[in-house]
Structures are given as structure tokens and as C-alpha cells.
Amino acid sequence: MKKSTFIILALSGIILASCKKSQNASTSPQFKSLTEAVYASGNIYPKNEYKLTANADGVLVKQMAFEGDIVSKNQLIFQLESISQDARLEASSNILRQSEANFSDNSPILDELESQLKNARNKLSNDSINYSRYKELYDKNATTRIEFERTELAYQTSKNDVSARRKAWLRTKNQLYVDLQNSKSNFKVNAREGDNFRIRSFEVGKLYEIYKKQGELIRKGDAVALVGDANEVFALLAIDESDFVKMQIGQDVLIKIDVYKDKVFKAKVAKLYPKLNKVDQTFRVDAEFIAEKPKAYYGMTIEANIVVSQNPRVLTIPKNYLVGSDSVWIEENGEKKKTKITKGVENLDLVEIKSGLTEKSVLIIGN
């Protein structure tokens, strides 16, 4: 990647409007209004970019949106299928329906127990009447002790039976309630696991890319699609490590995009990333567009100039008059003379002269 620091003329915000190289054999230094800028290359990306990932293993059986579509928040985009999960969900649903029926007002289990309790209470009522009648007879010596004790035993047995059946009814009802709650919880768990097979969007955005096809097996954690803001974009720039120290938040950025031909977009430095990319020895800088923005085409290639200093009036010479890195040939009193200079910033055409020359110096091309 091309990386260099250069000077741009401060003319109507154009990225670089350098002077024509002098075609004369001699020239003199001139004062010009120049701006120092750092070259950067990069790409356009949408804001709020995120990837949709699978939360479970399954086969992609349905796709509800496609590249270029605008998706809303929490919109269902993909449906996965898992035979085992479907079976678990169906089984838990059946158990829940049965549990609800068992605990309902028409519960067959409770109805049977209530019927048995009712019969026991009827028997208790009859045995209680017999017991009272035989007790009166026994007190009047009108019946035998054996007959009295038999009715007394039947009465006590009926009382115990009613108490036992009532406790059984309460115990069963409580157990059916617990079973119902467990069935609900189990169904909710399986339903939530079922949500793992439905992939939804997190925020409103444009669907930029889909990585999987229908019928394809997807593993948990696999990226399925890329979504980003459809209206807001930013410039991701790569800055040479030697220029990164000049970067500051808020610096002006002039951006050229190939698909827009000669159009120049204005932006400002929004964020600096202090970690060096060791692959290409660059640092990342993000720039936010101001005023007009390019359309949200993902990954468009751009070139940019980041303005790091502005010099309203500096002495410059054409670069082709420079000899080596610190000398020029001048004509003085009719004689050719090589003289040392101190240069400042430079671009492909011009060099800033800090010392060694004046406006009256006559520069010549050395042989």
C-alpha cells in the first residue's frame, strides 16, 4: 500500500492541487499557501455492523430475507431445523397438555378420588347412624355387646377411610399441581432452546452478505449473515506508523472514492486505534463524514488526505531543483554554486525551504 506524507495546496478543499513543475532552466523560490497532509487508504463500512450467528447445530431450512434487504429489529431471518429438538419440544408440549388436563376442573384423576371420597362419606353417614342406634340399644340391654362392637368398629373404620381418602385427594391434587409447574418449566426450556434455531436481527439495518445456503448444515457459533446500518457509514483508514504520531481527533479528512470519480467528500478524524497492525505496519484511524455521505456500499475502496498542519505562507521551490536531500544549484554573480538548504515538508512537486535561500535566489538545474 502506498504511504507517504505530502503537502496539498489549500485551494477549495481539493485533496491535492500541486503546482506544475517549472519547465524553465532557472527559477526563484516563491511564497505559497500550503497544507501538510498525511496520505491514507482504506474502505467504507456501515456503522453498527454485526454478524448473525447460530446458537445451535441445525440445518438451514428457511430464509426470510436476502442481500440488500432492510431488516427490522428482532426480525426472523433464518430458520434452522433439528429433529431431536423438535421431538423434545413436541414431547414436552404433550406432557404439558396432559398435566393441564389432570389439574383442571374436569380432571379424571381428581374426579375419581372425589367420587371415592363421596362414597366413603356416605358409608360413614350410614355407619354413624347404625352406631348411634346400636349404642342406644346396648345402653338399654336390647342388643348384644358383640353386635354393638361390630357397628362401632364399622363406624371407626369409615371415619378412618374418609380421612385417608381426603388426604389422598389433597396429596394427589398437590402432586398434580407440582407436575403441572414442572411441565410448564420443561416446555419453556424446550421452547427457549427452540428459539436457538431461529436467527433474528438485533437492530434495524441492511443485510449485506449471507454466508450460508438453504439445506446447509450449520454448527453452533457459525456466522450466517452480515448486517449493518443502511444510512450511516464511516471511513476506516490505514495510516503508516511513521505518520500516526501526527494524528489527532477532529482533524479534517478529504476523501476520494473511485466510484464517485472527481467528487471529494469531507470528514473528520473520529477515533484513533493505538494497536499496530504488524502485517502492513499501519495503525487504524476512523473518520466520520460531515455533510454529504457516500451511499452505504460495503467495503468501497478510498484514498484520503488527513490535514495535519496548515501553512498560510511558506517559501517553496520545485522539487526537481533539489540535489540530494539538502542542496540546490544557484547562480550567483554569474557563477554556478551549490548551496545547502534546510527543507521542511514536501510533496511530489514542491519543497518547503526553511533556510538557505531567499525569494531573490536564482535556482538552476544542475548537470
Expected single match for over 14 Å from S28 (Cα atoms) and exposed (fewer than 15 other Cβ atoms within 10 Å of the Cβ) among K343, K337 is K337
Worksheet entry | Check on I109, more than 30 Å from N74 (Cβ to Cβ), among the β-branched types (V, I, T), surrounded by fewer than 13 Cβ atoms within 10 Å (Cβ to Cβ) and outside the structural domain of L76 (by TED's automatic domain parsing) | no
Taking region 53-72 and keeping residues polar (S, T, N, Q) and either over 18 Å from G215 (Cβ atoms) or part of a loop (DSSP other than H, G, I, E, B) (or both) leaves T53, N55, S72
Picked from region 112-154 (must be in a loop (DSSP other than H, G, I, E, B) and of a type in the set (V, I, T)), the residue surrounded by the fewest Cβ atoms within 10 Å (Cβ to Cβ) is T144
Only one of K167, K188 is assigned to a helix (DSSP H, G or I) and at pLDDT 90 or above, namely K167
The one condition E193 fails out of (1) surrounded by 17 or more Cβ atoms within 10 Å (Cβ to Cβ); (2) closer than 30 Å to N94 by Cα; (3) of a type in the set (D, E) is (1)
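Results for (1) polar (S, T, N, Q); (2) surrounded by 12 or more Cβ atoms within 10 Å (Cβ to Cβ); (3) in a loop (DSSP other than H, G, I, E, B), shown as yes or no for each residue.
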residue: D262; (1), (2), (3): no, no, yes
residue: A267; (1), (2), (3): no, yes, no
residue: K275; (1), (2), (3): no, no, yes
residue: F283; (1), (2), (3): no, yes, no
residue: I302; (1), (2), (3): no, yes, no
residue: N305; (1), (2), (3): yes, yes, no
residue: N311; (1), (2), (3): yes, yes, no
residue: S325; (1), (2), (3): yes, no, yes
Q) N174: part of a helix (DSSP H, G or I) and either surrounded by fewer than 12 Cβ atoms within 10 Å (Cβ to Cβ) or in contact with a strand residue (DSSP E or B) (Cβ under 8 Å, 6 or more places away or on another chain) (or both), yes or no? A) yes
Exactly one of Q79, Q98 is surrounded by fewer than 17 Cβ atoms within 10 Å (Cβ to Cβ) and either of a type in the set (S, T, Y) or in a strand (DSSP E or B) (or both), and that one is Q79
Restricting region 31-52 to residues that are assigned to a strand (DSSP E or B) and surrounded by fewer than 19 Cβ atoms within 10 Å (Cβ to Cβ), the one nearest to the chain's Cα centre (by Cα) turns out to be Y50
Across (1) within 30 Å of Q281 (Cα to Cα); (2) outside any strand (DSSP E or B), D179 clears everything bar (1)
Expected single match for touching a residue at least 60 places away in the same chain (Cβ under 8 Å) and of a type outside the set (A, V, I, L, M, F, W, C) among E335, E331 is E331
Among the residues of region 61-112, the number that are of a type in the set (A, V, I, L, M, F, W, C), more than 20 Å from N182 (Cα to Cα) and either more than 33 Å from the chain's Cα centre (by Cα) or at pLDDT below 90 (or both) is 1
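The values are calculated or read from the model by the stated rules, or taken from the named source; none is laboratory data. What you are looking at is a predicted structure, and each value in this text was computed from that prediction instead of being measured. Quick reminder, even Gly has a Cβ in these numbers, built from the backbone with ideal geometry, and neighbours come from all protein chains shown.
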